[in-house]
Structures are given as structure tokens and as C-alpha cells.
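Student: Before we start, here is the structure in question, set down as C-alpha cells.
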Amino acid sequence: MAANLANTIGVWMAVFFTLAILSFLYKDNPFYKLAEYVYVGLSAGYWLIYVMFFDVKPMIVDKFLQEQGFERYIIIFPAFLGALMLCRMIPRIAYVSRVAIAFTMGISAGLGVTGAIHGMILPQVKATMLPLNDINNVIMLVGVISTVVYFYFSREHKGAFGVAAKVGIIFVMISFGAAFGYTVMARISLLIGRAYFLFHDWLGII
Amino acid sequence: MSAPAARKTWLERLNHIDRRLIFVIVFVVVSIPMLLKLTSPVKVSHEVQIAYDFIQSIPAGGVVMFSVDYDPTSAPELQPMILAILHHCFSRNLRVILTGQLAVGMPLGIEALESTAAQFGKKYGVDYVNIGYRPGNQAVIVAMGRRLRDMFATDYRGTPLDQLPMMKNIRNYDQIAGVVDLAHGGTPELWIQFGQARYGVKLIVCTTAVGAPDYYNYLQAKQIVGLLGGMRGAAEYETLVKAPGLGLLAMPAQSWVHLAIIGLILLGNLTFFLNRRAKNAENA
């Protein structure tokens, strides 16, 4: 009984906020603003709770209590860096947070470089080196080379080089067209999702 | 003299059509096929078929990890996918680990996992486990490849993984047959770079339609074993597992509204060129 009531209240609240957000299509209004602020506030609150209970508590507090010896005390280091990050909120010592930011940047850059080379550039280059015995392989090779030529700006796009660049822009445009078509489908999917919610969960007519 | 003037007014009106009228048209075109529960045949694409074949090839008892990296803003596209793939996994007696790198998305994954598990009578800890969320993106993916327990010593309820029968022998990706990454952002690229390239993870990417074109090159390079893009991908998987859901219900609405949008684009261009011709004739 209580679960049903909670579900009904939840559905009606979701309906209110759905219609409030959709009302922006007519024009900006206080209902839209309310829904927007509630969404932002709820998301921030949710993130905070989740990070506290699924990151800070198990990865720092619980681990510190459970581990022994070196494993235990090394946890203090990331916790200390995390605390430094919070110094940004105190203008007088805000510069201290740069140490933690530098550490994060260093890790991200290191992982990013190795990841990009090992996981993207090399496999993608390898996958382009195909025998030209298939029309798809030929199209792919022409597309890759001409697109790279288009983005090569150290030489003027004239003559054969210019023709290759023009072919390249055709491939780029086709790719934009495909991306735009997919984007239309994605946006309509979101509308369908909301329409389904209104017709199914709220009105119960489908 | 009055006829060209009237035609110009009509053309100008069409050229400056109120955008809110277009919103109403789109909503009506979306609603009618759904209310009439129309169906349309769905042809399964190669990228979805190979994703299905991969799950089909995992022997019973194999473990599949689901990474929920989307939030409610993309749920209409990705929720039908997770439901269809979970349906496939449980129908084949595969075991499931749920994790995620987006805190606000986890409830969607939990809802899908628990409802599908209940449908197949699966038990928590034996057939499926939710290890929860950790921030850190690539660092989490790399750490799980080395030792899962470095990142997840307990499940999301705080139960140590060693106390869960299903998790006893799972140490890293070596004991996981494949990863299904459901994402509306760039996390599949992280899974490819750090999971697939570094540890040889077999990866199925499920993404929004907006993101799908970015992953075809990885599919062609065989860095991923399947790709589901947008609601269409969900509908195709629902077709394969014979479990109709929102994906299949939405396909006629998608087709109708795409036709309407093509019609509106043509109409917009036609009125633009007719208007320009009328103006040129007037100036001449």
C-alpha cells in the first residue's frame, strides 16, 4: 500500500517536472526554472552522497582501518592530496591546491599518452593497412589519405594536393551528415522516451 | 497584380512558420504510432548481430560485466539496451557483474538488473553482483585489470567480495568473458584504450545515437566485438532475443518522425528558393 502510494507520488512528480521542462518549448517560464534548479540541486546532492559513501568511506576510511603496515599509511597520501584540493575554497591558501591538480594532471597525461598510442593510434593505423582487393578497403584508404591531406595546412591546397583536399572535404561532409542524422535520431528517442512515460506510466493508455 | 502579392504572403508565411507549430507536429507524429501500437519490421545490422553472437558464444556460467556509464538524460536509448542484453545473459545462465563510472546512472543499472534477475529467478551473490561505483575512469579500468579487489573490496552493500559465492574466483578481467559498456559519453574510448588494448577485454559498446558514429572505426579495427547505437540498436537486440520493449515500440514513431523531418527540410528549402525567385522577379 505504502509502496504503491510512493510510486504514485513519484510518477506524478515526474509528470510535473516533465511538463515543466517541456513548457520551455513554448517560452521560458517559472515552472521551467523550478524544474531546472531542482534537477541541478538534486544531481549535486546525489553526487555528494554517492562519492562520500562509495568512494571516501570504502577507499579511505574503511581501508585505513582494515589495512596493516605500509598499505595502511600510504592511504594518507591520496587523502592528503584530496584535502589540498579543498583549499581552493579558501582564497588565502588556494594556491596549495595546485599540487594536487598537478598530480592529477600528471597521471591523466601519462595514462592518456600511453592509452592513445597503444589503444588508438597503432591499432587504427594497422586497421587501415589493408589489401586493396575490396572496394570498401579502397574507399577507406582514399578517405583516410584525402582527409589527412585536407587537415595538412603547411602547404597550400593547390594542384593534385588541392584535388586530394577537396576529396577529403567530401568525406568529412559525409561524416558530418551521418553524425547529424544520428543526432536527429537521438533527440527524437528522448522525446519518445518522455512520450512513452506519459502514455504508459502516467495515463496507462499504452 | 493581386495574385503575386497573395503568393508572396503565403510563401513568406511558410518561410517564417512558428517553431512551436513544428514542435506540435513532431509530438503528434511521435504519439500516433505509439498510441496505435504500430509495429514495423527491424532488420538486424552486422554490428548488433556480432554483439549477440558474442554473448551467445559464452558458455553457461561465464561472467559478463556491465558498466553503466549513462544517466537519466540518455535512459530512453540505453535502458532498453541493458534490459535486452541482461535478458539474453540470464536466459543463457550467464552471471553478471554490475559496475559504473557515473554515480547518477547506477540506479538505472540496478533497476534493470534487479527486475531482469527477478524475471529469471536469479539470486544475488550467486548469479549476479553489484560492485557499485568508483570515480577515476581510466584509473579504475586499469586497476580492475590488475586486481579487482584493489578498487572494489566489497559490493555496493558493503559485503566483502570473498563472501559472495559468485565472486570467489574472480580476480581480474581474466575471469570475465566480456564487458558491456553502456555509455552516453566518452567512456567506451577509455574501455578500449585501457581495457581492450591493455588487458584484451572483449568489449561491446552500447551508446547513444549521437555517439555511435565515433565507434565504427573501432568496430572495423576489431577493437570491439559489437556495437549498439541508439534506440535502433536496442530494437535490433530486442528482435534477436525475442523480448520486445521500448526499442521496438519506438521504431514506427522514429520512422514517421524522420519522414516528417525530411518533409519539413524539403518544405523549408522549397519556400526559401521560391521566395528568392519571387524577390528576384520583383526586383527585375
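Where a number appears in this text, it was derived from the coordinates with a stated rule and is not lab data. These numbers come from a predicted model, not from an experiment. Here the Cβ is made from the backbone with ideal geometry for all residues, glycine too, and neighbour counts use every protein chain on show.
Student: Under the Karplus relation 6.51 cos²θ - 1.76 cosθ + 1.60, θ = phi - 60°, what is the ordered set of whole-Hz ³J(HN,Hα) values for region B:256-271, x standing for Gly and Pro?
Tutor: My calculation for region B:256-271 gives 4, 6, 5, 4, 4, 5, 4, x, 5, 5, 5, 4, x, 5, 4, 5 Hz in order.
Student: Rounded to the nearest 20 debye, what is the charge dipole size of chain A about its Cα centre when +1 sits on each Lys and Arg Cβ and -1 on each Asp and Glu Cβ? Numbers along the way, then the final one.
Tutor: Values: 14 positive and 9 negative charges, 110 e Å.
It comes to approximately 520 debye.
Student: Still on this model: If you split all Cα-Cα distances of region A:130-206 into 10 Å bins from zero, what percentages do you get per bin, shortest first?
Tutor: 17, 26, 21, 14, 12, 8, 1
Student: List the pairs from B:Lys122/B:Lys202; B:Lys122/B:Lys242; B:Lys123/B:Lys242; A:Lys57/B:Lys168; A:Lys166/B:Lys43 whose alpha-carbon separation is above 27 Å, in the order I gave them. Numbers along the way, then the final one.
Tutor: Working: B:Lys122/B:Lys202 24 Å; B:Lys122/B:Lys242 20 Å; B:Lys123/B:Lys242 23 Å; A:Lys57/B:Lys168 23 Å; A:Lys166/B:Lys43 35 Å.
Beyond 27 Å between Cα atoms: A:Lys166/B:Lys43.
Student: Give a residue-ordered list of calculated ³J(HN,Hα) values for region A:27-41 (Karplus: 6.51 cos²θ - 1.76 cosθ + 1.60, θ = phi - 60°; whole Hz; x for Gly, Pro).
Tutor: My calculation for region A:27-41 gives 5, 4, 7, x, 5, 4, 4, 4, 4, 5, 5, 4, 4, 5, x Hz in order.
Student: Going toward the positive end of the dipole of region B:1-158, with +1 on Lys and Arg Cβ and -1 on Asp and Glu Cβ, which of B:Ala153, B:Gly105, B:Pro33 do you reach last?
Tutor: In region B:1-158, that residue is B:Pro33.
Student: A follow-up question, please. Could you give the length gained on full extension between B:Ser255 and B:Glu114, defined as 0.36 nm per residue of separation minus the Cα-Cα distance, in nm?
Tutor: Numbers: separation 141, 0.36 × 141 = 50.76 nm, distance 3.20 nm.
Length gained, B:Ser255 through B:Glu114: 47.6 nm.
Student: Still on this model: From the phi of every residue in region B:279-284, what ³J(HN,Hα) in whole Hz does the Karplus formula 6.51 cos²θ - 1.76 cosθ + 1.60 yield, where θ is phi - 60° and glycine or proline is x?
Tutor: 5, 4, 5, 5, 5, 5
Student: Looking at the protein assembly as shown, what % of its DSSP beta bridges pair antiparallel, to the nearest 5?
Tutor: 5 percent
Student: Also, I was wondering about something else. Express as a percent, rounded to the nearest 5, the fraction of DSSP beta bridges in chain B (both residues included) that run antiparallel. Intermediate values should be presented prior to the final figure.
Tutor: On the way: 1 of 28 bridges.
Just about 5 percent of them are antiparallel.
Student: Can you compute the FRET efficiency between A:Phe103 and B:Ile32 using 1/(1 + (r/R0)^6), with r the Cβ-Cβ distance and R0 = 60 Å? Round to the nearest 0.05.
Tutor: 0.60
Student: Go through B:231-241, A:94-104 and give me the packing order, highest mean Cβ count within 10 Å leading. Working shown, then result.
Tutor: Values: B:231-241: 25.2, A:94-104: 13.9.
Packing proxy ranking, top to bottom: B:231-241, A:94-104.
Student: For chain B, just say rounded, prolate or oblate: build the C-alpha gyration tensor, square-root its eigenvalues into a ≥ b ≥ c, call rounded for a/c under 1.5, and beyond that prolate if a/b exceeds b/c, oblate if not. Could you put the intermediate results ahead of the total?
Tutor: Numbers: a/c = 2.90, a/b = 2.42, b/c = 1.20.
Since a/c reaches 1.5 and a/b is larger than b/c, the shape of chain B is classed as prolate.
Student: 222 nm [θ] for chain B, helices only, -39500 (n - 2.57) per DSSP H run of 4+, per residue, to 500? List each step's numbers first, then the result.
Tutor: Numbers: 11 runs with 146 residues, N = 284.
Mean residue ellipticity, 222 nm, calculated: -16500 deg cm²/dmol.
Student: Quick check on chain A: helices-only [θ] at 222 nm, where DSSP H runs of length 4 and up contribute -39,500 (n - 2.57) each and the sum goes over total residues. Nearest 500, please. Mind dumping the intermediate values first?
Tutor: Numbers: 9 runs with 144 residues, N = 206.
When only DSSP H runs of four or more count, the value is -23000 deg cm²/dmol.
Student: May I pose another question? Starting from the amide H of B:Thr154, placed 1.01 Å from N in the peptide plane, find each other amide H under 5 Å away whose residue is 5 or more places distant or on another chain.
Tutor: Sorted by chain and number, the residues that satisfy this are B:Leu161.
Student: If you average the sequence gap of Cα pairs under 8 Å that are 6 or more apart and divide by the length of region A:130-206, what percent do you get for the contact order? Intermediate results must be reported in sequence, preceding the final value.
Tutor: Numbers: 38 pairs, mean separation 16.3, N = 77.
Over region A:130-206, the number comes to 21 percent.
Student: Check which residues have an amide H placed less than 5 Å from B:Phe66's amide H, if you skip close sequence neighbours.
Tutor: B:Ile97, B:Leu98, B:Thr99, B:Val180
Student: If you put +1 on each Lys and Arg Cβ and -1 on each Asp and Glu Cβ, how big is the dipole of region B:113-215 around its Cα centre, in Debye rounded to 20? Walk me through the numbers on the way to the answer.
Tutor: Details: 11 positive and 9 negative charges, 70 e Å.
For this selection, approximately 340 debye.
Student: Placing unit charges on C-beta atoms (Lys and Arg positive, Asp and Glu negative, everything else neutral), compute the dipole magnitude of the protein assembly as shown about its Cα centre in debye, rounded to 20. Please list the in-between numbers first.
Tutor: Details: 40 positive and 29 negative charges, 171 e Å.
Roughly 820 debye, rounded to the nearest 20.
Student: Straight distance only, please: which lysines reach the Cα of B:Lys279 with their own Cα at less than 27 Å, same-chain residues fewer than 8 apart left out?
Tutor: B:Lys8
Student: Would you tell me the mean number of C-beta atoms belonging to other protein chains that fall within 10 Å of each C-beta in A:111-120, as a whole number? Don't skip to the end; give the middle numbers.
Tutor: Working: counts 8, 3, 0, 6, 10, 3, 2, 4, 13, 8.
Taking the mean over all residues of the peptide, I get 6.
Student: For the ranges A:71-82, B:151-162, what's the packing order if you count other beta-carbon atoms within 10 Å of each residue, average per peptide, and put the highest first?
Tutor: On the way: A:71-82: 12.8, B:151-162: 16.5.
Order by mean packing, descending: B:151-162, A:71-82.
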